[in-house]
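> One structure is given below, represented as structure tokens, and several questions about it will come after.
The values are calculated or read from the model by the stated rules, or taken from the named source; none is laboratory data. The shown structure was predicted, so the numbers you read here are calculated from the model rather than taken from an experiment. Here Cβ is always computed from backbone atoms with ideal geometry, including for glycine, and neighbour counts include all displayed protein chains.
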Amino acid sequence: PNLAVRKRIGAELREIWNAASLAKAETSLAELVTEYRDTAPKIAAWLEENVPEGLTFFTLPKHHRRRMRTSNPMERSVEQELKRRTVKVRVFPNEAALERLVSAVLVEIDDKWAADTKAYIKWECQDA
């Protein structure tokens, strides 16, 4: 599909993910699939097959939904740290050296997150 169609589909998907409830999201998804079934059958089939799995975050408590819907903040920090560390080295003698550095960085990030008192999600929270 062209850029305009992709942008429109992206906006429509955001509306589904921002729905007030799972039932409303499923209804909006069904309407979207119906809308594209004749004009873009591949897109309709993809939406029907893949998007319902992405709606499982609606089963979480409301206060966790926004954070669980995307992992972009976590991914961004990991990617930035990996890039920062690997750019400094520039040339690795072999693939194993690169894997060792990346593994060490990921272990370091995991240790930091495990010890961090500011958890990304506090599971003990109650709905407000």
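> Return the only residue of Ser103, Ser77 being in a helix (DSSP H, G or I), modelled with pLDDT of 85 or more and surrounded by 10 or more Cβ atoms within 10 Å (Cβ to Cβ).
The unique qualifying residue is Ser103.
> Find all pairs meeting these conditions: Cβ atoms under 6 angstrom apart; at least six residues apart or on different chains; first residue within region 20-44 and under 20 Å from Val5 (Cα atoms) and touching a residue at least 40 places away in the same chain (Cβ under 8 Å); second residue part of a helix (DSSP H, G or I) and basic (Lys, Arg).
Note: no pairs meet the criteria.
> Output the number of residues of region 5-34 satisfying the condition of being surrounded by fewer than 15 Cβ atoms within 10 Å (Cβ to Cβ) and in a helix (DSSP H, G or I).
15
> Can you tell me which residue is modelled with the highest pLDDT among those in region 2-54 that are of a type in the set (Ser, Thr, Tyr) and over 23 Å from Arg65 (Cβ atoms)?
By that ranking, first place goes to Thr34.
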